[in-house]
Every structure is written in C-alpha cells, then in structure tokens.
Amino acid sequence: MIPSNLPTKILHFDSVDSTNKKAKEFASTPSAEGTVVVAEHQHAGRGRGNRVWHSPKGGLYLSILLRPNDPKRSNELSILVGAGLAQAVTQLLPKSVDVSVKWPNDILVNWKKVGGILCEAIEGEKCVVVGIGLNVNIPGEQLSPFLKNPFSATSFSVEVDGVFDLKQVTDVILAKVFSLYGLYHTEGFKPIQYLWEKNCRLIGKKIELREMGWREFDNKASGVGMTTGTCLGIDDSGGIVLSNQRGERMSYTTGEISCFWP
Ligand code: BT5
C-alpha cells in the first residue's frame, strides 16, 4: 500500500552537499515515505559512481525517499522518474521543444542533456532515494564543461529564452512522478515501460553502448566493453534491449549510450 497523500513532507534547504545524502538521513524513520528534500544549491552534487553533478543556483535539485514493495528493483524507479520528468518537461516547455529520455537516467531537450536521475537503494532500510537534477535557469557558459557530443548539456533558459519559476517546476515534477508511482503500485512496471518508451527517440536507431562497471576500491566508473546494436527499447526490469550485429536480442542493466547513428 502506498499512502495517498504523497509527497508527505517537503523540506527546503538553501544549500546542502547533496539532496540524496540529506534524504538518506530520514531513511530509518518508518513514516518517511514521500519525504522530499529540495535545495537551491548543492556543493557536492553527485551523478552515478563518483561523478560530479554541477549544481549552481538556478537549477532544481531534489530527492524523494520511497519505500517500494521491492527496493531491489530500483532500476524500475529510475525509469519511472524519467517518464514522469519527460511528462513534466513537456508540460512546462513550448510544444516546439523536443523532449525525450535517454537510457538509463537522462532527460534530453532538443537532444541535449537537461537533467539526470540518481537512484540509490539503502541497504537494510528497505527504501530508495531518487534524486533529480534539472538545469532550469542556468546560463550556457556554466554548462560549457559538459558540451561533449553527441549529448551535450543544456538548460531550460538556454533552449527557451526566459526565466522559469522553480517552485512551479518542482510542483509539476512532483505531481507527475507521484502519479506514476501510484500507477506503478496498482498496475506494475508495464505501463511505466510503455510511457518511457513513448518518450525515447533512440528506439530503432543504431547505438553504441559503453558497458559500465564500478571499480570497487574507489566506486569510479570504468569502461568494461563496447557493444553496438539497434535499440529495441527496455525490458521488464528497466534494462536496455539491443539487437546485435548477429540479430541476437541482448539486455543490459548498466552502461551508457555513448553514440548513435541517425
Ligand atoms: C546523472 O548522473 O545524470 C545523475 C544526476 C543526478 C543529480 C541529482 S541532483 C539531486 C540529487 N542529489 C545528488 O547529489 N544527485 C542527484 P550521470 O549519468 O553519472 O551523469 C553525470 C555526468 O553528467 C557528469 O560526469 C558530467 O559529465 C555531466 N554533468 C554534470 N553536471 C551536469 C549538469 N548540471 N548538466 C548536464 N550534465 C552534467
């Protein structure tokens, strides 16, 4: 059962190291499902592994604490939040802007990375923290370290000249994500998978997947291998499915799309 009144509590901070880290402080509180931590700035924002998430003022940084029925299936929650973010960004930006998802945890605007998701299961507490970083009012110069192709970085204010109300952006995101979380509890992952795939522009395209491993001693990403194939979508646990050069269907649970052919 999920409480119908999610989010239960929204905690605002001016500056934190990482909203995911802050949200984890509430993990041992049984009633904490639906707690949301929002910060205006992070001084140690993180991506997957030990990667940095650049978090200046003007961006949106929030983490949600959830107690799903099966915390081991946290990949599904990452996909769920991606689908919710795609819906929210589509609602917030003009129709002329292309919004899509990129496996496993990116949200793209006009094919550039505007946001990322960091989903972390907390051992022993049966809960998952889902962090969302979204470049809202961030000038292009501040994103220049992340301009590598094919998926360089962007923000709402770069793509659509203007300033966005962060409170309104937060409200729309929370409404979409919690609505999908309710759907996930009643109908399972299938409808979430469908919604995510509907927003993925890479299905049917040839892509290169860099399989990732996390080095245990320093938790850094290390390339394990490259695979090329046609993207078929995602499987029933949120892994990416490719058809390789021999026509075999392969699923991968971790990795990164490093390149694609139009
Ligand atoms: C992500 O990781 O995309 C997940 C980012 C999640 C950030 C949120 S903010 C709230 C919560 N609290 C946290 O501490 N984290 C979460 P990954 O797929 O590993 O991508 C990280 C890579 O994206 C970096 O190595 C950079 O190359 C690039 N990057 C860093 N900051 C960026 C930014 N603001 N916009 C676009 N790309 C960025």
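Computed from the coordinates by the stated procedures, all read-outs in this text should not be read as laboratory data. Just so you know, these numbers come straight off a predicted model, no measurement behind them. Reconstructed Cβ throughout: ideal geometry from the backbone, glycine too, with neighbour counts over all protein chains shown.
Data table
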item	result
Surface/4 estimate of mean projected area, convex hull on alpha-carbon atoms of segment 115-262, nm²	11.6
Average silhouette area of segment 133-199, convex hull of alpha-carbon atoms, in square nanometres	5.9
Neighbour net charge for residue 261 - beta-carbon separation under 9 angstrom, K R +1, D E -1	+1
Most positive-pole-ward Cα, 13, 173, 238, against dipole of the chain from beta carbon charges	238
Unit Cα scatterers, Debye sum, segment 82-164: log10 I(q)/I(0) for q = 0.26 Å⁻¹	-1.32
Distance histogram in 5 Å bins (all Cα pairs of the chain, percent per bin)	1, 6, 13, 18, 20, 18, 14, 7, 2, 0, 0
The chain: relative contact order as a whole-number percent, Cα under 8 Å and 6+ apart	17
GNM result for the chain, Cα springs below 10 Å: residue of 239, 116, 204 fluctuating most strongly	204
FRET efficiency estimate (nearest 0.05) - Cβ-Cβ, residue 9 to residue 206, R0 35 angstrom	0.15
Within-9-Å neighbourhood charge of residue 226 [Cβ basis; K, R +1; D, E -1]	-1
Interchain or long-range residues, amide H under 5 Å from residue 17's placed H	43
Theoretical gain in end-to-end length, residue 110 to residue 95 [0.36 nm per residue, Cα-Cα removed]	4.3 nm
Cross-link pairs beyond the 23 Å C-alpha cut-off, checked among 126/198; 22/190; 9/176; 57/126; 21/112	126/198; 22/190; 57/126; 21/112
Local net charge near residue 166, Cβ-Cβ under 15 Å (Lys/Arg +1, Asp/Glu -1)	-2
Kirkwood Rh, angstrom, segment 12-168 [1 / mean 1/r, Cα pairs]	15.8
Selected from 52, 136, 114 as most flexible by GNM, with the chain as the system and alpha-carbon contacts under 10 Å	52
Candidates 68, 150, 104, ranked by Gaussian network fluctuation over the chain, Cα under 10 Å, top entry	150
